[in-house]
């Protein structure tokens with residue numbers, strides 16, 4: 001009896017120890033990523049536009065560049081091109097000559113309040129040092145209901161979290177790998193409906209609920225549905241190939257690295273080098289960029305984030321279907337919940 005009673009424990013112990021060690025590693029990575037990225041945010045190479053023929057503005061930026069690497073001047077042929085750069089989020093601000101032999105700094109704080117504040121501070125100091133008048137105009141301000149500009153980030157954290165949690169719940173209840181392409185199609189359809197519902201729920205919360213973007217409910221709902229679906233399909237594909245253990249990889253990419261690398265709380269230029277460009281391809285960063293582009297910038301700069309999120313969703317669909325074809329057919333009809341199945 002004693003020997004038999006210890007048998008299940010011997011089977012259970014190695015798997016449980018392995019899962020606990022994996023969780024320990026994941027939690028440690030979470031701490032390292034968040035604390036490492038956000039404990040001392042230091043801006044570097046914040047892009048600021050300047051017209052090539054504007055000698056006064058260029059001289060000011062050259063003087064600042066000689067003292068700090070905080071700003072990175074981006075030259076434009078004329079004022080119209082510089083304005084387009086500002087409104088397409090290629091730069092955070094544009095510096096030009098102003099009245100009374102002074103300077104005019106035009107910013108778009110909705111692009112990133114932390115970035116525009118840093119630019120205003122360094123150029124304000126430079127102007128004071130040289131006794132040069134500096135006029136500041138905020139062309140695309142953040143709303144008074146979101147003075148720190150963090151609503152897009154936290155909204156999309158919820159969307160992405162909801163997406164991969166939905167995939168995980170379906171994987172645990174019905175099996176991570178559908179046993180046929182038809183079952184994979186049903187799962188994709190279920191996640192699509194879920195994505196639309198969560199996208200609408202989030203839009204209602206930040207719209208009529210909290211009165212932040214009450215006039216943009218359809219826009220936010222559509223973006224949210226795309227973000228949720230991209231995260232859900234990405235998670236489903238990985239879990240379809242790797243099983244429940246794939247959830248750890250999903251959390252690593254979408255949460256541990258994805259959230260701090262999204263440039264949500266701080267502009268990407270405030271992050272360590274390894275995370276600085278991550279927002280251009282990871283799902284949380286793309287969703288954050290798409291929300292800002294749609295809500296504040298009249299869809300300017302929305303092309304790449306929208307396309308990339310759609311590509312993630314398509315890749316996830318293909319990944320889940322191929323997993324069901326390759327792995328699902330090898331799975332017997334009877335299986336334990338949370339393992340391969342339909």
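The values are calculated or read from the model by the stated rules, or taken from the named source; none is laboratory data. Since we're looking at a predicted model, the values are computed, not measured. Methodologically, a virtual Cβ is constructed for each residue, glycine included, from the backbone with ideal geometry; neighbour enumeration extends over all protein chains shown.
Taking region 132-154, which residues are over 30 Å from residue 101 (Cα atoms) and outside any helix (DSSP H, G or I)?
As a first pass, look at region 132-154 and keep what is over 30 Å from residue 101 (Cα atoms): 143-154.
Scanning region 132-154 gives 143, 144, 145, 146, 147, 148, 149, 150.
Return a yes/no flag: does region 91-106 have any residue that is assigned to a helix (DSSP H, G or I) and in contact (Cβ under 8 Å) with a residue 40 or more places away in the chain.
Just the residues of region 91-106 that are assigned to a helix (DSSP H, G or I), to begin with: none.
No: zero hits.
Look at residue 91 and say whether it is at pLDDT 95 or above and surrounded by 22 or more Cβ atoms within 10 Å (Cβ to Cβ).
So residue 91 fits the description; yes.
Applying the selection to region 159-181, what residues are at pLDDT 95 or above and farther than 22 Å from residue 245 by Cβ?
159
Test residue 202 against the stated conditions and say whether it is assigned to a helix (DSSP H, G or I), surrounded by fewer than 17 Cβ atoms within 10 Å (Cβ to Cβ), touching a residue at least 40 places away in the same chain (Cβ under 8 Å) and assigned by TED's automatic domain parsing to the domain that holds residue 156.
Working: assigned to a helix (DSSP H, G or I): yes; surrounded by fewer than 17 Cβ atoms within 10 Å (Cβ to Cβ): no; touching a residue at least 40 places away in the same chain (Cβ under 8 Å): yes; assigned by TED's automatic domain parsing to the domain that holds residue 156: yes.
No.
How many residues does region 15-44 hold that are surrounded by 13 or more Cβ atoms within 10 Å (Cβ to Cβ) and over 19 Å from residue 251 (Cα atoms)?
3
When you go through (1) under 13 Å from residue 158 (Cβ atoms); (2) in a helix (DSSP H, G or I); (3) modelled with pLDDT under 90 one by one for residue 216, which number turns out not to apply?
Condition not satisfied by residue 216: (1).
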